[in-house]
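So the structure is just underneath, and the comments pick up after that.
Where a number appears in this text, it was derived from the coordinates with a stated rule and is not lab data. Here the structure is a predicted model, which means the values were calculated and not measured. Glycine also receives a Cβ, built like all others from the backbone with ideal geometry; neighbour counts cover every protein chain displayed.
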Amino acid sequence: EKGGYDYFMLKEIAEQPKAVADTLLGRIDASGALTLDEVRIPQSVLREADKVVIVACGTAFHAGLIAKYAIEHWTRIPCEVELASEFRYRDPILDQQTLVIAISQSGETMDTLMALRHAREQGAKVLAICNTNGSTIPRESDAVLYTHAGPEVAVASTKAFLTQLVACYLLALYLGQVRGTKWADEIRAVVRDLAQISGQVDRVLETMGPVRELARSLADKNTVLFLGRHVGYPVALEGALKLKELAYMHAEGFAAGELKHGPIALIEEDLPVVVVVPSPRGRSVLHDKIVSNIQEIRARGARTIVIAEEGDEAVVPYADHLVRIPATPVLLQPMVATVPLQVFACELATARGNEVDQPRNLAKSVTVE
Ligand code: F6R
């Protein structure tokens, strides 16, 4: 049932192009417009929402962090993202105009469920993004947008994460479409690009040999740091989470702009630092700032592992290891940038002799608070 792979995780990583394509299937019509009538949430609710609040845990929370950039950019609706376990204990401000999005692969995570119950009690509308048909979270929500990743067996979430991102993009674009934002042209272009993304994930998967080799060479390290900016920041957090849970290594993700506010003190000779580089197109200021971050940490001895778009030559002189990803629109980059980090963590775990599909102390769905 592992389909020839040693681990479910490897199988599920490989299934990502299909999971992404399946999650898009039937949701974009021939004219390039989004058709999400299936969520059965009245368009008036989507038009009148004046705030979006996303609640989730773990990897799903990282999908939510990325969704915030997309939702605010494409719809201009303020969006907050909060760990479900923190949310209801701080008396959050919610009303009928608040659209709460609960993201959960399993649909059974207790913290997320309690957060959505709390939100509904305050009169907010809750839309679930979920991978498991008929599970508790979608049953208790006002609406649901299913991801079609298929069953995810490995404890560490991979294909579910990519499909959560797809669902978030679809929802953000749909909100933009329904509300007729001034980004209509950009939205149409992104919908077209989204249709290409499954093929791009496939291309990333074909080039993972050197990433695996690199991971094996780092098996005796104690710490790996991850840096990113803009949507690359949640990608860094996700890369670090994967490494913690699978390789049992100390791993931390930072916003690259925070380096000089503390984390740079951690840099020492030969410390592996993974850097997710934003596209040099689009918001090129961020690209240039990250290139100087890479220079700074390398000058202090870090071993730089740079994930950068094809054709980005500015990073070459400062990359001890360079991982190429295809060019995508800025907001979609996490779809391709996350994949090498999944492979990296999986291979490091294997090299360290860990149980990849069933990491110690973890359960696939966390049904207690
Ligand atoms: C990490 C991981 C967990 C889950 C989290 C939420 O690889 O799998 O962090 O993402 O427990 O689970 P769901 O999405 O089922 O609510």
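Taking segment 147-160, which residues are over 15 Å from Ile101 (Cβ atoms) and either surrounded by 24 or more Cβ atoms within 10 Å (Cβ to Cβ) or within 10 Å of the ligand (Cβ to nearest atom) (or both)?
Ala149, Glu152, Ala154, Val155, Ala156, Ser157, Thr158, Lys159, Ala160 - these are the residues of segment 147-160 that are over 15 Å from Ile101 (Cβ atoms) and either surrounded by 24 or more Cβ atoms within 10 Å (Cβ to Cβ) or within 10 Å of the ligand (Cβ to nearest atom) (or both).
Of the residues Val52, Val81, Val39, only one is in contact with a Cys (Cβ under 7 Å, 6 or more places away or on another chain), away from the ligand (no atom under 12 Å from the Cβ) and of a type in the set (A, V, I, L, M, F, W, C); which?
Result: Val52 is the single residue among Val52, Val81, Val39 that is in contact with a Cys (Cβ under 7 Å, 6 or more places away or on another chain), away from the ligand (no atom under 12 Å from the Cβ) and of a type in the set (A, V, I, L, M, F, W, C).
Conditions: (1) farther than 26 Å from Ala60 by Cα; (2) within 16 Å of the ligand (Cβ to nearest atom); (3) not polar (S, T, N, Q). Pro334 meets all but one. Number of the miss?
Failed condition: (1).
Considering only residues that are surrounded by 17 or more Cβ atoms within 10 Å (Cβ to Cβ), hydroxyl-bearing (Ser, Thr, Tyr) and within 12 Å of the ligand (Cβ to nearest atom), which ones fall in segment 337-369?
Thr338
Tell me, which residue of segment 90-106 that is touching a helix residue (DSSP H, G or I) at 6+ places or on another chain (Cβ under 6 Å) and under 15 Å from Gly64 (Cα atoms) is farthest from the ligand (Cβ to nearest atom)?
Across segment 90-106, the extreme among qualifying residues is Val100.
For residues that are buried (at least 19 other Cβ atoms within 10 Å of the Cβ) and either more than 10 Å from the ligand (Cβ to nearest atom) or hydrophobic (A, V, I, L, M, F, W, C) (or both), tally how many sit in segment 131-141.
Count: 4.
Among the residues of segment 237-279, count how many are closer than 26 Å to Ala70 by Cβ and either away from the ligand (no atom under 15 Å from the Cβ) or touching a Lys or Arg at 6+ places or on another chain (Cβ under 6 Å) (or both).
Residues flagged as closer than 26 Å to Ala70 by Cβ and either away from the ligand (no atom under 15 Å from the Cβ) or touching a Lys or Arg at 6+ places or on another chain (Cβ under 6 Å) (or both) within segment 237-279 amount to 14.
Please enumerate the residues belonging to segment 95-107 that are under 11 Å from Asn133 (Cα atoms) and either charged (D, E, K, R) or surrounded by fewer than 24 Cβ atoms within 10 Å (Cβ to Cβ) (or both).
Ser106
Quickly run through segment 222-237 and pick out the residues that are outside any strand (DSSP E or B) and of a type in the set (Phe, Trp, Tyr).
Tyr233
Report the residue count in segment 222-243 for those that are surrounded by fewer than 16 Cβ atoms within 10 Å (Cβ to Cβ) and not hydroxyl-bearing (Ser, Thr, Tyr).
Residues in segment 222-243 being surrounded by fewer than 16 Cβ atoms within 10 Å (Cβ to Cβ) and not hydroxyl-bearing (Ser, Thr, Tyr): 1 in total.
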